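Report on the structure given below.
The values are calculated or read from the model by the stated rules, or taken from the named source; none is laboratory data. In this text the structure is predicted, and so the values were computed from the model without any measurement. Cβ coordinates were reconstructed from backbone atoms using ideal geometry, including for glycine residues, and neighbour counts include every protein chain displayed.
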Ligand SMILES: Cc1cc2nc3c(=O)[nH]c(=O)nc-3n(C[C@H](O)[C@H](O)[C@H](O)COP(=O)(O)OP(=O)(O)OC[C@H]3O[C@@H](n4cnc5c(N)ncnc54)[C@H](O)[C@@H]3O)c2cc1C
């Protein structure tokens, strides 16, 4: 049963911040509502005021300025998937967004909601992590910037204070010599919460080797996690397209994730599957610049 | 009647459904209507010590709260045994059991009141495994014990046959608790009328049986109950049995007000009917040339808490446990066993998918061991008309096992399977496999299986076809319209249908068991014939043209002894006060005797399909994608090709769900997959490409040659998917659904 | 208008499922006076309670009700609608 709520639709950011200040922890933001409405129905929303951000047009954008990609919190997954800017300068994020839910969910759900929701299974999160994104957080007091890796404090928990909201995410635009990608494992092809997901960023040096790697896994720990040891393994790979070698490097991921058993899968299977998921996605990406010997 | 032309029209209900204007029973509202809430059990197995409704009654807006003592008639329902209480008085047996019923002015108040009903329980141990439940010291779900039905059918000497076999394949198979997930959940409105009667508006598969079950519950004459059950927003067997009707009927009679309920998806998944999970133990013996010698099958059917159709489902499974293959020695044994695992009932396929998954898997394994190909081994064993079935009856009607097998062998998918199996990704493997199935149609021996129809010539010269059989999405009403229009020689737009209501339509039996099109073909043909007799009679009465004159349909009218008359002319002359009515009745042919010890067996008419499936398995994750399915189906005669293909598309998706995704997980009696984010059904992204091969071998006992096809189209695809996984990877799948983790673990048995 | 036979008529009764318990044999013939209704047979057999509520009477594929006046040569089926699929 959905309880009775007060509902405010903010017209602009200023009004949203004012409402946030006024209602503090009594309020819950709603952006696309694809998470909030489900929680409401399940009786899991303790707040009794809804502040709707979906009309705040100034928070819905994807743009690139002086080598930095800015993504507004209210940009939808459909916006992200179709964005030529992201396809060029942040491919992993576009790919991740294109794998969220189905068309209806992508039309409503936003990247800000995905991040603020702080689910370990949120699909855009690993992509944002490997892109080294920074979260811009605003309140009536001003703006602060938090690297996304420091944003999450546990499943469903983040550093956001009651009067704060996410305004945008920004990250350095990727360019030539940089590969990013995303892989997702779910119970079916669409409309599925990730059993595990992975995003990666590889910078290819002049010697064709990977000189910098960032890899993040979702749904395999209380928050999305970076896999530093696995990243090192990829940096040691010879620049040759070898399935066995790539798979071997990915194998390290087994040790870096700490999943649990749940309805979707067992912990052991998740560990096994993330290895494959990474190997597969990395192989496909590296095939664009490496060749078999 | 080969000369009858079926015009390939679009679905007669397409526009209303596509535009959202079709009113389902759950869309109806009535003045002064109240809302019902079913107070469900807190435990999967418990004694009910007391029910205190005082707090709930005191809530503003609550009109009444009923407990078991308020059931005016017999407190039980069930198509075969009425062992499911409408309101539990002394015991609950699953999480969906009803302990009280609330009616209130709003749905919200009704829900709040439900939370205020105080029930004192004495918790009992849960029994959640059918094999455990058979043990003498297992907790008893019903006083009489946990065996709902035990059936044993034998032929020849199975042990001798297995001894003589060159290869014996012995395995245990497990199948899922599939949910129907009809778009429209269990819902309806009960309306008390001024004369003390009741009108029930609730989508269901058989209004005329609902009427009797409701009469039994209310303790009133069935004719004081009118049931309207058409159209239905999806059934698949889940609305064959009563669902919410008993509860809202009691509330409406008590309050004197219309009472409505629409179950939430969560409540539907917890309380609603499901497909019975089976454990199938098999030993199948073959000679080295692939000839089957013996098949020993033991099925354990997880019945859940109440009987419903679990007995007939077990028996249909046993009828099909050796398919229609030539097996001289068989032993088919089955146990339908009560547990606290929800409730199970009718579901498209009715036990056949469960057993054929096992048999067809054994078939391919034997072929592999013997170095035969899957087509050869099956062709060697398929039965023909006139031969004796594995359960001992002679097959008198058409048997198309060989024909569908030949057709699927010639499919593009099977012919070019090696090309289809190519993939350039090192971690992907593709496989192709095939399977075939008969599916007994109709209700079987010993159960009157009948159907009637009226064709009314209305005042304006158009027609109303009155028939009980409902449209729940199958496309049958389009087929009925075309059959009537074809016989009458009129455009299909001139025929309208009144169906699924106890007043205004005619009892034609349940819309189940692949029987609608076949039954209707004969009932409509009989009604058409009778209309000709009526026209002749009317003409004779007026013009003395002779009582035995023959009237034949032609070009929008009839040739009569008084010359050609258009239907408009006939209507003008004879249908102004009341329509000229053709009445037709049909009784299904059945076997002349029952298989000893197996109520309802054998069936007399079968449907046939063969399907080949192409899957792609990701060996890194176990994910399996069904890419393409070729279906060879014998329709007898195709009335509407689009509807046949629609049935194939839907059947394949539902079979795919069974094979790869769907299972209602229940732990200690508690449902864990309570909504469609955890109960996984295929999306449009998951369903395969289709290749359709339609055969038309007219069924001789249908006036128009048609066979039912609604169930069989989902059956062979299930083993075909499991066997294609084997073809792709070398592992045998013995438990469905083949989820990514399950497949991964088969591929990597070392993973703990 | 069909003329009713003046003398008795022969009717065949077929009992299915649980209704078999109401007679020694599941099939039998009756000689009845003209004008006998189906309901009178139901009462003769003593079918009561929930079983009465769930009873259907079928004549050549047609549902008939208790007030139906039996005709010579009728074959009346007593059954419950227990089939499914
Ligand atoms: C059927 C279905 C399928 C789904 N599939 C996926 C999937 O495949 N992958 C996936 O990752 N997710 C999935 N989701 C979850 C959800 O759609 C996503 O997390 C989505 O991005 C949430 O965005 P939203 O705008 O709808 O958030 P909302 O529901 O509006 O909000 C989510 C949370 O974030 C807060 N919030 C929203 N915006 C802000 C902001 N700007 N600042 C601060 N807090 C804010 C809200 O208060 C709330 O707590 C699915 C959901 C459904 C219902």
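Please work out if residue A:144 is farther than 27 Å from residue A:231 by Cβ, more than 12 Å from the ligand (Cβ to nearest atom) and free of Cβ contacts under 8 Å to residues at least 40 places away in the same chain.
Against the criterion (farther than 27 Å from residue A:231 by Cβ, more than 12 Å from the ligand (Cβ to nearest atom) and free of Cβ contacts under 8 Å to residues at least 40 places away in the same chain), residue A:144 qualifies.
Somewhere in the stretch A:4-22, is a residue within 8 Å of the ligand (Cβ to nearest atom) and in a helix (DSSP H, G or I)? Among the residues of the stretch A:4-22, not one is within 8 Å of the ligand (Cβ to nearest atom) and in a helix (DSSP H, G or I), which makes the answer no. Scanning the stretch B:630-645 for residues that are more than 21 Å from the chain's Cα centre (by Cα) and under 18 Å from residue B:413 (Cβ atoms) yields a count of 1.
For the stretch B:40-79, a residue qualifies if it is surrounded by fewer than 17 Cβ atoms within 10 Å (Cβ to Cβ) and under 24 Å from residue B:94 (Cβ atoms), and the qualifying residues are B:42, B:47, B:49, B:50, B:52, B:69.
Scan the stretch C:54-70 for residues that are facing another protein chain (nearest Cβ under 7 Å), farther than 14 Å from residue C:14 by Cα and in a loop (DSSP other than H, G, I, E, B) and report the count. Final tally of qualifying residues: 1. Within the stretch A:149-167, the set of residues being within 30 Å of residue A:234 (Cβ to Cβ) and surrounded by 22 or more Cβ atoms within 10 Å (Cβ to Cβ) comprises A:151, A:152.
Considering only the stretch B:474-584, give the helices (runs of 4 or more DSSP H) lying wholly within it that have at least 1 residues that are more than 38 Å from the chain's Cα centre (by Cα) and outside the structural domain of residue B:212 (by TED's automatic domain parsing). Steps first, answer last, please.
Details: elements: B:476-488, B:516-543, B:567-574.
Qualifying helices (runs of 4 or more DSSP H): B:516-543, B:567-574.
Residue A:189 passes every criterion in (1) within 14 Å of chain B (Cβ to nearest Cβ); (2) buried (at least 19 other Cβ atoms within 10 Å of the Cβ) apart from (2).
Based on this model, can you work out whether residue B:196 counts as buried (at least 24 other Cβ atoms within 10 Å of the Cβ) and modelled with pLDDT of 95 or more? Criteria not met by residue B:196. If you scan the stretch B:122-141, which residues turn out to be surrounded by fewer than 18 Cβ atoms within 10 Å (Cβ to Cβ) and more than 18 Å from residue B:276 (Cα to Cα)? B:122, B:123, B:125, B:135, B:136, B:137, B:139, B:140 - these are the residues of the stretch B:122-141 that are surrounded by fewer than 18 Cβ atoms within 10 Å (Cβ to Cβ) and more than 18 Å from residue B:276 (Cα to Cα). Looking at the stretch A:152-172, which of the residues that are under 16 Å from the mean Cα position of the chain (by Cα) and closer than 21 Å to residue A:60 by Cα is farthest from the ligand (Cβ to nearest atom)? My answer is A:172.
Need at least 2 residues that are in the same structural domain as residue B:361 (by TED's automatic domain parsing) and in contact with a strand residue (DSSP E or B) (Cβ under 8 Å, 6 or more places away or on another chain) per element, so show me which strands (runs of 3 or more DSSP E) inside the stretch B:231-305 make the cut, counting only ones lying wholly within it.
Working: elements: B:259-262, B:278-286, B:292-304.
Fully inside the stretch B:231-305 and qualifying: B:278-286, B:292-304.
Determine if the stretch A:210-217 includes at least one residue that is touching a residue at least 12 places away in the same chain (Cβ under 8 Å), within 12 Å of the ligand (Cβ to nearest atom), in contact with a strand residue (DSSP E or B) (Cβ under 9 Å, 6 or more places away or on another chain) and within 14 Å of chain B (Cβ to nearest Cβ). So far as the stretch A:210-217 goes, no, none of its residues is touching a residue at least 12 places away in the same chain (Cβ under 8 Å), within 12 Å of the ligand (Cβ to nearest atom), in contact with a strand residue (DSSP E or B) (Cβ under 9 Å, 6 or more places away or on another chain) and within 14 Å of chain B (Cβ to nearest Cβ). For residue B:651, state whether it is more than 14 Å from chain A (Cβ to nearest Cβ) and either in contact (Cβ under 8 Å) with a residue 12 or more places away in the chain or out of contact with any strand residue (DSSP E or B) (no Cβ under 7 Å at 6 or more places or on another chain) (or both). Answer is yes for this residue.
Within the stretch A:20-43, residues that are within 14 Å of chain B (Cβ to nearest Cβ) have Cβ atoms under 9 Å from residues that are modelled with pLDDT under 95 and within 7 Å of the ligand (Cβ to nearest atom) in these pairs: A:38/B:677, counting only partners at least 6 apart in sequence or on another chain. If the condition is being crowded, with 20+ Cβ neighbours inside 10 Å, within 12 Å of chain A (Cβ to nearest Cβ) and in contact with a strand residue (DSSP E or B) (Cβ under 8 Å, 6 or more places away or on another chain), then the stretch B:620-646 contributes B:621, B:623, B:624, B:626.
Among the candidates C:73, C:46, C:35, the residue that is more than 10 Å from the chain's Cα centre (by Cα), under 29 Å from residue B:241 (Cβ atoms), surrounded by fewer than 19 Cβ atoms within 10 Å (Cβ to Cβ) and more than 11 Å from chain B (Cβ to nearest Cβ) is uniquely C:46. Within the stretch A:254-267, the set of residues being within 7 Å of chain B (Cβ to nearest Cβ) and over 12 Å from residue A:196 (Cα atoms) comprises just one member, A:263. Among the residues of this structure, residue A:181 does not count as one that is touching a residue at least 40 places away in the same chain (Cβ under 8 Å), in a loop (DSSP other than H, G, I, E, B) and away from the ligand (no atom under 11 Å from the Cβ).
Test each condition in (1) in contact (Cβ under 8 Å) with a residue 12 or more places away in the chain; (2) surrounded by fewer than 24 Cβ atoms within 10 Å (Cβ to Cβ) for residue B:658 and report the one that comes out false. The number of the failed condition is (2). Taking the stretch A:26-140 and the strands (runs of 3 or more DSSP E) fully enclosed by it, the elements with 3 or more residues that are touching a helix residue (DSSP H, G or I) at 6+ places or on another chain (Cβ under 9 Å) and within 7 Å of the ligand (Cβ to nearest atom) are at A:27-30.
What is the residue count in the stretch B:80-103 for residues that are within 14 Å of chain C (Cβ to nearest Cβ) and buried (at least 21 other Cβ atoms within 10 Å of the Cβ)?
The initial filter retains those residues of the stretch B:80-103 that are within 14 Å of chain C (Cβ to nearest Cβ), namely B:80-86.
So of that shortlist, the ones also buried (at least 21 other Cβ atoms within 10 Å of the Cβ) come out as B:80, B:82, B:84-86.
Count: 5.
So which of B:465, B:428 ends up being crowded, with 24+ Cβ neighbours inside 10 Å, farther than 30 Å from residue B:594 by Cβ and more than 14 Å from chain C (Cβ to nearest Cβ)? Give the derivation first.
Values: B:428 fails: crowded, with 24+ Cβ neighbours inside 10 Å.
It is B:465.
Candidates in the stretch B:306-333 are the residues that are in contact with a helix residue (DSSP H, G or I) (Cβ under 7 Å, 6 or more places away or on another chain) and in a loop (DSSP other than H, G, I, E, B); of these, the one that is nearest to the other protein chains (Cβ to nearest Cβ) is B:320.
Being over 16 Å from residue B:319 (Cβ atoms) and not assigned by TED's automatic domain parsing to the domain that holds residue B:516 is true for just one of B:403, B:359, B:383. Which residue is that? If you could, list the steps in order and put the result at the bottom.
Numbers: B:359 fails: over 16 Å from residue B:319 (Cβ atoms); B:383 fails: over 16 Å from residue B:319 (Cβ atoms).
Going through B:403, B:359, B:383 in turn, the sole match is B:403.
For (1) at pLDDT below 95; (2) part of a strand (DSSP E or B); (3) within 14 Å of chain C (Cβ to nearest Cβ); (4) surrounded by fewer than 22 Cβ atoms within 10 Å (Cβ to Cβ), each residue gets a yes or a no:
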| residue | (1), (2), (3), (4) |
| --- | --- |
| B:422 | no, no, no, yes |
| B:433 | no, yes, no, no |
| B:445 | yes, no, yes, yes |
| B:453 | no, yes, yes, no |
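The residue list B:510, B:492 contains one member that is under 23 Å from residue B:646 (Cα atoms), touching a residue at least 60 places away in the same chain (Cβ under 8 Å) and crowded, with 24+ Cβ neighbours inside 10 Å, which is B:510.
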